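What follows is a short report on a single structure.
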């Protein structure tokens, strides 16, 4: 169960790194992103597809570019991450046993 969570967090981290590269260097292509991040082409391509499905980027003839939705997503990201951290903290069993004990 935890292994799946770790894999999801790793994938989310990769997606966000790819998004950050698009924001900072748009337009940018798969080869350059792969070379700069060290991620294989297929993983960069998958992250780009996910980001495109979320309407955070779109393809152009020169490479990936941001969309109107990107800025809104970025402005909400820290809050969403903090909410997730709080949820994960509340799930810790050692804290629950301390409260009961």
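The values are calculated or read from the model by the stated rules, or taken from the named source; none is laboratory data. It should be emphasised that the depicted structure is a prediction, and the values quoted were computed from it without experimental measurement. We place every Cβ from the backbone using ideal geometry, glycine too, and count neighbours over all the protein chains shown.
Couple of notes before you dig in:
- Any hit, segment 62-69, residues being assigned to a helix (DSSP H, G or I) and more than 13 Å from the chain's Cα centre (by Cα): yes
- Top-ranked residue in segment 1-23 [being under 17 Å from the mean Cα position of the chain (by Cα) and farther than 17 Å from residue 74 by Cβ; ranked as surrounded by the most Cβ atoms within 10 Å (Cβ to Cβ)]: 11
- Hey, residue 63 modelled with pLDDT of 95 or more and on the phi > 0 side of the Ramachandran plot or not: yes
- Some residue of segment 88-101 being part of a helix (DSSP H, G or I), closer than 21 Å to residue 10 by Cβ and at pLDDT below 95: yes
- Qualifying residue in segment 80-88 (condition: crowded, with 16+ Cβ neighbours inside 10 Å and free of Cβ contacts under 8 Å to residues at least 40 places away in the same chain): no
- Taken as a whole, the condition of being closer than 20 Å to residue 5 by Cα and either surrounded by 16 or more Cβ atoms within 10 Å (Cβ to Cβ) or modelled with pLDDT of 95 or more (or both) applies to residue 50.
- Residue list for segment 24-42, filter: part of a helix (DSSP H, G or I) and surrounded by fewer than 17 Cβ atoms within 10 Å (Cβ to Cβ): 24, 25, 31, 32, 35, 36, 37, 41, 42
- Residue under evaluation residue 74, criteria (1) touching a helix residue (DSSP H, G or I) at 6+ places or on another chain (Cβ under 8 Å); (2) buried (at least 16 other Cβ atoms within 10 Å of the Cβ); (3) within 20 Å of residue 10 (Cα to Cα), criterion not met: (2)
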